[in-house]
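Below is one structure, written out as structure tokens; comments come after it.
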Amino acid sequence: MLIVMKSDATDSEIQAVLRVIEDLGFKPHSMPGATRTAIGITGNQGAVDPSHFENLAGVAEAIRVSKPYKLITLDLRPEKTIVRVGDATIGGEELAIIAGPCAIESRAQAFAIAETVRRSGARFFRGGAYKPRTSPYAFQGLGEEGLKILAEVRDVYGLKIVTEALDEAGIDLVERYGDMIQIGARNMQNFSLLRRAGKSHLPILLKRGLSATLDEWLLAAEYIMSEGNYQVVLCERGIRTFAQHTRNTMDLAAIPAVRRISHLPVLVDPSHGTGKNYMVTPLARAGVAVGADGLIVEVHDQPDHALSDGAQALTPEQYEQLVSEVRAIHDVIVPAPVS
Ligand code: PEP
Ligand code: MN
């Protein structure tokens, strides 16, 4: 059930609707919009009777939702969500750029790369302290020490820190040191982790699973939102296909497909989306051209010596070139406001 309030509904009328929903034993999700507030209802197993709401003051409509998702949809919130990460945003007019190494390897490495990222004008620094590796013998990340290095990067360079949590205890730690929690592709359907992310005060970057359909991905976002965290950013990072020329196939069509259904911002990850250094910039251009709100990209000061994902890491020079190219494309798509 979705309650659409009249455009002139007062605060107390909205509060009264929220109370009725709670009294029925359900959870209300109030989404104030540019023209009206909508209230999503979760926690109900069967259909909710619209007559509970239709005659309440300030209610324009009580609509049955037939789709599997309730909170991620444009029905609930017709305008795009702008996710705020401190004073930086994702989903607004500015192209969001999240850049940094796959893994934090040392303080010197992180600082060298952060210098480049800062210089490019990007607002976000990425880097894993906890790495989900295919082999248990591969470098697993520096753990909390890596988070401490990231926190220093934030203090020195003013960059917002985006870093992955592999489990619930990891979320506790990232909340202490970071600004945005990445849920990785392999964890997209780790439902207890999604629920914990939904209770966090930090925004969530939700990667698409390696073989996730659009619905599965959006429902993973729905899990997070159903717990009350509405600051979710989706990220297309490539899926498994029969292709052998790439590590993953970056599904560019996912961007307009998400846009048609959801108000959530969506990024592309051309690094994991291709796995190959020479493909990262062309696919970054393509991602921005099809309407992504930004990108997350791996950069390393010494790609040949990277402890993970070196083959897809850009050199600082390549990264700087990428940023200027994607900004030029974004400027054409989103014309600057006339002053
Ligand atoms: C990463 O960002 O380094 C990463 C492991 O991403 P994904 O979950 O998309 O593989
Ligand atoms: Mn990586």
Within the stretch 125-139, how many residues are open to solvent by 40 Å² or more (accessible area, probe 1.4 Å) and within 13 Å of ligand 2 (Cβ to nearest atom)? 4
Looking at this structure, is R247 modelled with pLDDT of 95 or more, of a type in the set (K, R) and in a helix (DSSP H, G or I)? no
The number of residues in the stretch 294-321 that are assigned to a helix (DSSP H, G or I), open to solvent by less than 60 Å² (accessible area, probe 1.4 Å) and in contact with a Lys or Arg (Cβ under 8 Å, 6 or more places away or on another chain) is 1
If you check L173, L150, which single one turns out to be away from ligand 2 (no atom under 16 Å from the Cβ), aliphatic (A, V, I, L, M) and either outside any loop (DSSP other than H, G, I, E, B) or surrounded by fewer than 20 Cβ atoms within 10 Å (Cβ to Cβ) (or both)? L173
Scanning the stretch 227-254 for residues that are within 20 Å of L71 (Cα to Cα) and either in contact (Cβ under 8 Å) with a residue 40 or more places away in the chain or surrounded by fewer than 15 Cβ atoms within 10 Å (Cβ to Cβ) (or both) gives G228, Y230, Q231, V232, V233, C235, E236, A254
Whichever residue in the stretch 163-212 is out of contact with any strand residue (DSSP E or B) (no Cβ under 9 Å at 6 or more places or on another chain) and of a type in the set (K, R) and, among such residues, is nearest to ligand 1 (Cβ to nearest atom): R196
Counted residues, the stretch 72-124 - those being open to solvent by 40 Å² or more (accessible area, probe 1.4 Å), part of a loop (DSSP other than H, G, I, E, B) and either over 26 Å from E227 (Cβ atoms) or within 16 Å of ligand 1 (Cβ to nearest atom) (or both): 4
Name, by its number, the condition in (1) out of contact with any helix residue (DSSP H, G or I) (no Cβ under 8 Å at 6 or more places or on another chain); (2) in a loop (DSSP other than H, G, I, E, B); (3) hydroxyl-bearing (S, T, Y) that does not hold for Y278. (2)
Any idea which of L142, L166 is open to solvent by 40 Å² or more (accessible area, probe 1.4 Å) and under 20 Å from D301 (Cβ atoms)? L142
Across the stretch 255-279, which residue is nearest to V232 (Cα to Cα) among those that are surrounded by fewer than 24 Cβ atoms within 10 Å (Cβ to Cβ) and within 16 Å of ligand 2 (Cβ to nearest atom)? G275
What do you reckon, is S192 assigned to a helix (DSSP H, G or I) and of a type in the set (S, T, N, Q)? yes
Between a residue in the stretch 81-95 that is of a type in the set (D, E, K, R) and any residue that is crowded, with 17+ Cβ neighbours inside 10 Å, which pairs come within a Cβ distance under 6 Å, given they are 6 or more apart or on different chains? none
Determine, yes or no, whether A284 is within 22 Å of A114 (Cα to Cα) and open to solvent by 10 Å² or more (accessible area, probe 1.4 Å). no
Could you look through the stretch 281-292, keep only residues that are hydrophobic (A, V, I, L, M, F, W, C) and outside any loop (DSSP other than H, G, I, E, B), and pick out the one that is farthest from ligand 2 (Cβ to nearest atom)? A289
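The values are calculated or read from the model by the stated rules, or taken from the named source; none is laboratory data. Note that the coordinates shown come from a computational prediction; the quantities given were computed from them, not determined experimentally. Virtual Cβ from ideal backbone geometry, glycine too; neighbours counted across all protein chains shown. For accessibility, only protein heavy atoms count, side chains too; no ligands or nucleic acids. Shrake-Rupley method; radii C 1.70, N 1.55, O 1.52, S 1.80 Å.
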